[in-house]
Amino acid sequence: MALLDNDKDVLPLSSIAELLSAKVRTLKMYEEKGLLPPKEVEGNKKLYSINDVKLIAFVHYLASVRKINANGIKYILEMLHNNMDEAHRYEFLGKVEKKLESLSGKDISDVEMI
């Protein structure tokens with residue numbers, strides 16, 4: 001048994017927004033456009049897993065830094081899901097996560113101001 005279950009839904013959007021230095025409203029907009037993993041409401045909140053956070057961080061990067069629109073992001077996510085098995089998809093998202101760690105919230109907000 002692993003110590004951590006990266007698929008267990010434990011984080012609300014507000015916590016993810018804080019981790020990503022993003023606004024909750026921005027993440028809710030991604031959710032409304034179908035860019036986040038679909039989740040059912042547990043109690044009063046939708047909860048996301050660590051693996052979901054990696055995907056949400058990737059979506060946020062594509063939208064805020066690379067300025068890709070929702071349709072482009074949907075296409076990229078579809079390509080990831082249709083052309084990679086789960087292990088390779090998480091490996092890819094792990095590499096993206098390492099790249100994103102080099103960007104701070106300030107860097108992203110500076111890009112958004114341009």
R0 = 30 Å: FRET efficiency of N69 with K98, Cβ-based, nearest 0.05?
0.70
Placing one equal point scatterer on each C-alpha of the chain and summing with Debye, one gets log10 I(q)/I(0) at q = 0.19, 0.20 Å⁻¹ equal to -1.10, -1.22
Here, E78 and R25, labelled 7 Å along Cα→Cβ, have an inter-label distance in nm of 3.0
Normalised by the residues of the chain, what does the relative contact order come to in percent, with Cα pairs under 8 Å and at least six apart?
28
Selection from G43, V59, N82 lying farthest towards where the dipole of the stretch 11-113 points positive, charges on Cβ:
V59
Using the Karplus equation 6.51 cos²θ - 1.76 cosθ + 1.60 (θ = phi - 60°), what ³J(HN,Hα) coupling, rounded to whole Hz, does each residue of the stretch 52-63 give in order, writing x for Gly and Pro?
5, 4, 4, 5, 5, 4, 5, 4, 4, 4, 4, 6
Simple spin-label estimate for R89 and N44 in nanometres, 7 Å along Cα-Cβ
3.2
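Laboratory data are not the source of any read-out in this text; all were calculated from the coordinates shown. Since the model is a prediction, treat every value here as computed from it, not as a measurement. Counting neighbours? That spans all protein chains shown, and the Cβs are built from the backbone with ideal geometry, glycine included.
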